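Just below is one structure, and these are the notes that go with it.
The values are calculated or read from the model by the stated rules, or taken from the named source; none is laboratory data. From a predicted model like this one, the values you see are computed outputs, not experimental measurements. With ideal geometry, Cβ positions are generated from the backbone for all residues, glycine too; neighbour counts draw on all protein chains shown.
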Amino acid sequence: MGREVVITGLGTVSCFGVGLEAFWRGLVEGRRGYGHLDCFSTAGVPEPVGCRVRDFNPEQYLGKKGLRQLDRNTLLLLTAAHLALSGMSAEELAELGLVIGTSFGSLSSIYGYEIDINREGPNLISPVKFPNTVLNSPASRVNIAHNLTAYSCTICNGSTAGLDALGYAFRAVRRGDYAAFLAGGGDELNQFIFMGYHSLSLLPGQGRSSAAPEKGVPPGEGACLLVLEEEARANGKRRPAFARIRGYENCFGEDGLERAISYILDKTGVEPREVNLVVVSAVGTRPERREVRALRNILGRQGCRPAIFAPKGAVGECYGAGGPLQVTAAIMAMREGMVPPSAYLPADYDDFDCGGGRLQKKEINYALITSVGCDGINSALLLQKCC
Amino acid sequence: MERVVVTGLGLVAPNGTGREEFWQALLEGRPGIGAVGFSTAGGRSFYGGEVKDFNPLNYMPAHRAAKMGRSSQLALAAARLALEDAGLSPSRIKRCNTGLVLGTTMGESQVGSHLVDSYCLHGDGFSRPGMMGRFIRRSTAFSIASHLATDLDLPGPVLTVPTACAAGNYAVAHAYDLIRDGECRVMLAGGVDSFSQVAFYGFKRIFALAPERCQPFDLHRKGLIVSEGAAVLVLESMESALMRGAPVVAEVLGYGMGCDAHHMTVPHPTGLGAVLAMKTAMKMAGLATGDVDYISAHGTGTRANDEVETRAIKSVFGPLAYQVPVSSIKSMIGHTMGAASAIEALTCCLAVSRDFIPPTINYEEPDPECDLDYVPNHPRWRPVRVAMSNAYAFGGNCSSLLVGKFYAGGKRQWAGR
Amino acid sequence: MAMLEITEEIKSMVAEITELEPELLRPDASLTREYQVDSLAALEIAVALEKRYGVSIAEEHLPRLDSIAGSVELVQELLARKAS
């Protein structure tokens, strides 16, 4: 059946700041991390809000040199990698695989290059910025920064990208191909993504019939990387495990999430009633109907009423970082025995235990993390508490 | 673990559409490179490998084609050809939890380029309602795989691996993993890229673009040629393929990855990642260097790549390196970016099933630094049991894929030669 | 333009691109060998020179940009050629 896979390292950069503690504190306090955006032009948007990582100072973590040519997306990821890998030896780094999920990745670098070609003319474009235009550039920079030679992969999968990267790494470690992986995802909030979000009426209060203007989820940014490791190896190195990954599936289509969750439960033998927390991707957009329906059909019908937590109302829709941030939230909920209040959760989820906007004490053994993308991709991952 | 076989090949390449047309082109050493019709912002014309006279309506209805960029159209065409080749019915696609792993370098760059042109030149990109969002969504790399999954009604895992010029190998490798793990019985795996002005001007800027032709391993090689295309392979568990009586083209034996962790565009001088990738692939497949009868090189035609790749092959194969034929089909079709290693994987499947080695054309003068047997200018007919396909990318992402002749009895039947 | 002026200008451009301290840059030192300047940064210097002085630098000129002195010499030559 393959090896057991545990999570032994976490690197988190969110709008609540750099580091795991800042992220968890923001969630527990039920804060909403968005603010007024003034770092790029938002002309024509009456109330430009987003969950940007404020006062982000990468030099503090990465040193001064060599950052000039990197895009923000890469800097966020490099910082998360720095946090996740602290204390690892050179030998461990040499066998560590890397997979990063992203939704838009190098978009601002690609568009920036196109703009330079137009404005400056093709003869005066920058050679140094050219490699930033490939989508695997941020991952490759992490490989270079930490001398990770074993494996480098990037997954570009919309909102599910980060969870898919974790699933990719999980399978590689379970199969025994690699002893450990650094996996997760990241995306930056830039002008293009923000204006795209705005033009599709996805900003809070825009075009949502059911939600009041203060509800809804603004676009966000962040990076979140986790160290996945074979359990026996982690034990051997006496490295404490945050949680065990039991299963992961990705299925396409309208009923894809339902199938993904039932495959996981079937393969692991975990009963629906044993799942006592679901960290959902709720952002108040259409694809979510797939999430609500899947939870109702698989858990609700069996009379299960797990706790529901939706972190995106707090940290924004962070695309590639979204899934790994959900997983991180679930890990912390397991460890601390408490479920934070959801800053934003549509009424559709009311069949389950939504916590009534309060911090709840709760013993959690199994947590399910779900992610649905606007293009029909659905992913789910099951975590188990490590004793 | 399940054995994984290839049962369908589909491609749209600058020198041919579909398996047989492409095969003929390889046999004749026919190039697909010329002045391209693609227009760039600087108004400069380029030499490249263009998929000419491509009519998306042969593969999809007009209302779907209208929603897609050129990369999605090329990829969907390749996928439909591959499914037809494999003889897979829609109901079987459903039953087998069929999924898709697609590689790309630039994604739907022409859609993004259009948006930027409209924004930069006319300043109206952001003002029209919905336009910005729709364009961004359509320009993302993952939109290609979503279009394919929707149109082909795929139920299984869908993943886009944008690992630049090695993306095709990554796609085949992951599809192989999903089948050998028993997660899926059938997977589509491939790669795609359409012309991108970022690629043309970017490679030109770093002096890696050849003016008119691609001459891998030649002393006077001047760089790569930017091309476009798509290829999709149908991978299937051996059990599933044999049960339905599908013709098996080849078997996927293993893969290996390595990362230079050295520089974004310059390969590691000793070929660290490339060596690791080749060694890991052979370890996974349980093969020795003597088993490999053909190496499909990354062979872009740039000074640095060809020299370092040669060095890496010698470091892995030792004295045997001089006996194994190494060729680069990029000499014929140029560098199709995200599609390149998918097209090359497909070529390796043809090589092992037809005992044939495609040539490196435009090879005129040997380079003392590149002294292997590059199959200059003429194809060769000789038994190919195992073919290795190398693909390397920006960021030092290196990959090697191994495909072998298929023997139902056991994968090592040919080993007792 | 005076040679001294060009030298100072190029020195500060090179310092900015390479993230080296301008005081430490010796005009005749090889950027790639002595300061381990990356090959893409060397190309970036070429682009910066093209932008600033309105000249066009061909691939065969690149080795001359390996030192500040070489860059100054090349720029002066190209400017003179442009003027004539």
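Some notes on this structure:
- Within the range B:101-155, if we keep just the residues that are assigned to a helix (DSSP H, G or I) and among the aromatic types (Phe, Trp, Tyr), the residue that is modelled with the highest pLDDT turns out to be B:PHE142.
- Qualifying residue in the range C:70-78 (condition: within 11 Å of the chain's Cα centre (by Cα) and exposed (fewer than 13 other Cβ atoms within 10 Å of the Cβ)): no
- Unique residue being facing chain B (nearest Cβ under 9 Å), out of contact with any Phe, Trp or Tyr (no Cβ under 7 Å at 6 or more places or on another chain) and crowded, with 24+ Cβ neighbours inside 10 Å when the list is A:THR133, A:THR154: A:THR154
- Any chance A:ALA145 is crowded, with 24+ Cβ neighbours inside 10 Å, under 22 Å from the mean Cα position of the chain (by Cα) and either farther than 21 Å from B:THR163 by Cα or modelled with pLDDT of 95 or more (or both): no
- The residues in the range B:293-312 that are crowded, with 24+ Cβ neighbours inside 10 Å and closer than 18 Å to B:LEU402 by Cα can be counted, and the count is 8.
- Matching entry among B:GLY290, B:GLY286, B:GLY254 (being modelled with pLDDT of 95 or more and crowded, with 19+ Cβ neighbours inside 10 Å): B:GLY254
- Of all residues assigned to the range B:171-179, none qualifies as being more than 8 Å from chain A (Cβ to nearest Cβ), surrounded by fewer than 24 Cβ atoms within 10 Å (Cβ to Cβ) and among the acidic types (Asp, Glu).
- Matching option when the condition is surrounded by 24 or more Cβ atoms within 10 Å (Cβ to Cβ), at the interface with another protein chain (Cβ under 8 Å from one of its Cβ atoms), out of contact with any Pro (no Cβ under 7 Å at 6 or more places or on another chain) and part of a helix (DSSP H, G or I), among A:ALA139, A:ALA165: A:ALA139
- For the criterion of being at pLDDT 90 or above and either within 14 Å of chain A (Cβ to nearest Cβ) or touching an Asp or Glu at 6+ places or on another chain (Cβ under 8 Å) (or both), C:GLY70 fails.
- Residues in the range A:103-124 that are surrounded by fewer than 24 Cβ atoms within 10 Å (Cβ to Cβ), of a type in the set (A, V, I, L, M) and within 7 Å of chain B (Cβ to nearest Cβ): A:ILE115 only.
- Residue, farthest from the other protein chains (Cβ to nearest Cβ), within the range A:248-299, restricted to residues that are surrounded by fewer than 24 Cβ atoms within 10 Å (Cβ to Cβ) and among the polar types (S, T, N, Q): A:ASN276
- Consider the range B:199-243 and keep the residues that are of a type in the set (Gly, Ala, Ser) and away from every other protein chain (no Cβ under 14 Å). The one that is nearest to B:LEU350 (Cα to Cα) is B:ALA231.
- Residue count for the range A:173-186, restricted to those that are within 11 Å of chain B (Cβ to nearest Cβ) and either in a loop (DSSP other than H, G, I, E, B) or surrounded by 24 or more Cβ atoms within 10 Å (Cβ to Cβ) (or both): 3
- Any hit, the range B:346-353, residues being of a type outside the set (Lys, Arg) and touching a Ser or Thr at 6+ places or on another chain (Cβ under 7 Å): yes
- Selection of first residues in the range B:271-297 that are more than 14 Å from chain A (Cβ to nearest Cβ) and of second residues that are acidic (Asp, Glu) and surrounded by 21 or more Cβ atoms within 10 Å (Cβ to Cβ), restricted to Cβ pairs under 9 Å at least 6 apart or on distinct chains, gives the following pairs, ordered by first then second residue: B:SER296/B:GLU344; B:ALA297/B:ASP306; B:ALA297/B:GLU309; B:ALA297/B:GLU344.
- Condition broken by A:ARG293, with the remaining ones in (1) out of contact with any Lys or Arg (no Cβ under 7 Å at 6 or more places or on another chain); (2) within 22 Å of B:GLY156 (Cα to Cα); (3) touching a residue at least 40 places away in the same chain (Cβ under 8 Å) satisfied: (3)
- Test result for A:GLU214, modelled with pLDDT of 95 or more, assigned by TED's automatic domain parsing to the domain that holds A:GLY33 and charged (D, E, K, R): no
- Being more than 13 Å from A:GLY19 (Cα to Cα), modelled with pLDDT of 95 or more and surrounded by 19 or more Cβ atoms within 10 Å (Cβ to Cβ) holds for only one residue in A:THR79, A:THR42, A:THR74, and it is A:THR74.
- Among the candidates B:LEU233, B:LEU242, the residue that is surrounded by 24 or more Cβ atoms within 10 Å (Cβ to Cβ) and not in a loop (DSSP other than H, G, I, E, B) is uniquely B:LEU233.
- Output for the range A:289-303, where each listed residue is in contact with a Phe, Trp or Tyr (Cβ under 8 Å, 6 or more places away or on another chain) and not β-branched (Val, Ile, Thr): A:LEU295, A:LEU299, A:GLY300
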